[in-house]
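Data block below; observations after.
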Amino acid sequence: QVRVAESGGGLVQAGGSLRLSCVFSGRTFMGWFRQAPGKEREFVAAISWIGYRTYYADSVKGRFTISRDNAKNSVYLQMNSLKPEDTAVYYCAARSPDSTTDYYYPRNYDYWGQGTQVTVSS
């Protein structure tokens, strides 16, 4: 069983920054997703186990940065230039580093955190 737990959400004004953290166990490919009220869960960013290769949704490219420290079993999401439309519950998710399925879809992840609320005020 892989353990996944997020932290670091909160309330911030538009243009501000937040850093989310996620602790995990085991060898994992990690992703960040978000879900706004009334909307489906959507991909935000992902990072591989080996090589730390990163992937981003177009909506967050240039503003968000995903990183990881395997020695600390942690992955991070640095969010800058936040917009009101970034408001959502953010989830950290894990899957096997050997998976070849599309990292973009929530259904291709096996383990999820409980979520952390990010609210961006205008």
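The values are calculated or read from the model by the stated rules, or taken from the named source; none is laboratory data. Model, not experiment: these values are computed from the prediction. In this analysis, Cβ positions are derived from the backbone assuming ideal geometry, glycine residues included, and neighbour counts consider all displayed protein chains. Remember, those area values only see protein heavy atoms, side chains included, never the ligands or the DNA or RNA. Shrake-Rupley method; radii C 1.70, N 1.55, O 1.52, S 1.80 Å.
May I ask you to give the solvent-accessible area per residue for the chain, in square angstrom, as obtained with a 1.4 angstrom probe?
That works out to 52 Å² for each residue.
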Original post:
Highest GNM mean-square fluctuation, the chain, Cα pairs closer than 10 Å: which of TRP112, TRP49, TRP32?
Top reply: TRP49
Original post:
Of all trypsin sites (Lys or Arg not before Pro) in the stretch 1-82, which ones are in loop regions per DSSP and have a Cβ with at most 16 other Cβ atoms within 10 Å?
Top reply: ARG3, ARG27, LYS39, ARG53, LYS61, ARG63
Subject >> Whole-Hz ³J(HN,Hα) from phi, Karplus 6.51 cos²θ - 1.76 cosθ + 1.60, for the stretch 35-43, glycine and proline x >> reply: 9, 8, x, x, 10, 6, 5, 10, 5
Original post:
What is the distance in Å between the Cα centres of the stretch 14-46 and the stretch 52-94?
Top reply: 6 Å
Subject >> the stretch 1-51, dipole about Cα centre (Lys/Arg Cβ +1, Asp/Glu Cβ -1), debye to the nearest 20 >> reply: 100 debye
**OP:** Would you mind telling me the share, in percent, of accessible area of the stretch 1-115 contributed by carbon and sulfur at probe 1.4 angstrom?
**Re:** 46 percent
**OP:** From largest accessible area down, sort THR28, THR101; use a 1.4 Å probe on the protein chains.
**Re:** THR101, THR28
Original post:
Taking R0 as 25 Å, what's the FRET efficiency between TYR105 and ALA71 from their Cβ-Cβ distance, rounded to 0.05?
Top reply: 0.30
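In the chain, what is the volume of the convex hull around the alpha carbon atoms, normalised per residue and reported in Å³?
94 Å³
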Original post:
For the chain, with only Lys/Arg (+1) and Asp/Glu (-1) charged at the beta-carbon, what is the dipole magnitude about the Cα centre, in debye rounded to 20?
Top reply: 200 debye
Original post:
Among the lysines, which fall within straight-line cross-link reach of LYS61, defined as a Cα-Cα distance under 16 Å, with same-chain neighbours fewer than 8 residues apart omitted?
Top reply: LYS83
